[in-house]
1. Yes or no: VAL61 touching a residue at least 24 places away in the same chain (Cβ under 8 Å) and under 21 Å from ASN13 (Cβ atoms)?
2. I'd like to check something: does the range 56-65 contain any residue that is farther than 27 Å from VAL126 by Cβ, modelled with pLDDT of 90 or more, surrounded by fewer than 13 Cβ atoms within 10 Å (Cβ to Cβ) and not polar (S, T, N, Q)?
3. Output yes when any residue across the range 32-48 is acidic (Asp, Glu) and crowded, with 18+ Cβ neighbours inside 10 Å, and no when none is.
4. I need a count of the residues in the range 67-84 that are surrounded by fewer than 16 Cβ atoms within 10 Å (Cβ to Cβ), more than 18 Å from TYR127 (Cβ to Cβ) and of a type outside the set (A, V, I, L, M, F, W, C).
5. Quick check: anything in the range 23-41 assigned to a loop (DSSP other than H, G, I, E, B), touching a Lys or Arg at 6+ places or on another chain (Cβ under 9 Å) and under 18 Å from PRO108 (Cα atoms)?
6. In the range 102-126, which residues are of a type outside the set (Val, Ile, Thr) and either surrounded by 20 or more Cβ atoms within 10 Å (Cβ to Cβ) or at pLDDT 95 or above (or both)?
Amino acid sequence: MPRLRTEVTGSGNLAWLGSGHAIGNARTETINVSAFTEATHYPDGFIRSGQPVAKVGGLLVPYDATEATVTGAGILAGHVLFDQQVKGATNVPAPLLDHGRVVAAKVPGTFVKPTAAAKLSATTIVYV
């Protein structure tokens, strides 16, 4: 008998988007799932829409919000646009929003808009 499983997927909670401007222009990047912690970043088996990420070695990793960190994971690459199923995966392609408007207070987790210009150098995001 085949091993069957049921999955429920969707776009996720898009309340963090400040406008629809960049939705059609998100670029495809690859998430390095091993860089994320299951209990913290994907307890339900998927990385949530709006997750802030950095790009290290050509792959998306969790963004390091520590204000003094302005290299590697400390440079915001953008936000994962839609929920991404990652349970049991190694690398997953995902749409990345790197420009447009974002409601900082509605980004998943404890995100705070970076104040250091170097942390935002890879994006053209306006936080409202």
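The values are calculated or read from the model by the stated rules, or taken from the named source; none is laboratory data. On a predicted model such as this, the values are computed, not experimentally measured, just so you know. Cβ: placed from backbone, ideal geometry, glycine included. Neighbour counts: every protein chain shown.
1. Working: touching a residue at least 24 places away in the same chain (Cβ under 8 Å): yes; under 21 Å from ASN13 (Cβ atoms): no.
Against the criterion (touching a residue at least 24 places away in the same chain (Cβ under 8 Å) and under 21 Å from ASN13 (Cβ atoms)), VAL61 does not qualify.
2. Keep residues of the range 56-65 that are farther than 27 Å from VAL126 by Cβ, which gives 57.
Then keep just the ones that are modelled with pLDDT of 90 or more; that gives 57.
If we keep only those that are surrounded by fewer than 13 Cβ atoms within 10 Å (Cβ to Cβ) too, we end up with 57.
Cutting the leftovers down to not polar (S, T, N, Q) gives us 57.
Yes, the range 56-65 has at least one match.
3. Here is the first cut: in the range 32-48, the ones acidic (Asp, Glu) are 38, 44.
Keeping just the survivors that are crowded, with 18+ Cβ neighbours inside 10 Å gives none.
No; the residues of the range 32-48 include none that is acidic (Asp, Glu) and crowded, with 18+ Cβ neighbours inside 10 Å.
4. 2
5. First, pick out the residues of the range 23-41 that are assigned to a loop (DSSP other than H, G, I, E, B): 26, 36-37.
Now restrict to residues that are touching a Lys or Arg at 6+ places or on another chain (Cβ under 9 Å): none.
Taking every residue of the range 23-41 in turn, none turns out to be assigned to a loop (DSSP other than H, G, I, E, B), touching a Lys or Arg at 6+ places or on another chain (Cβ under 9 Å) and under 18 Å from PRO108 (Cα atoms).
6. Residues satisfying the conditions are ALA104, ALA105, LYS106, PHE111, PRO114, LYS119.
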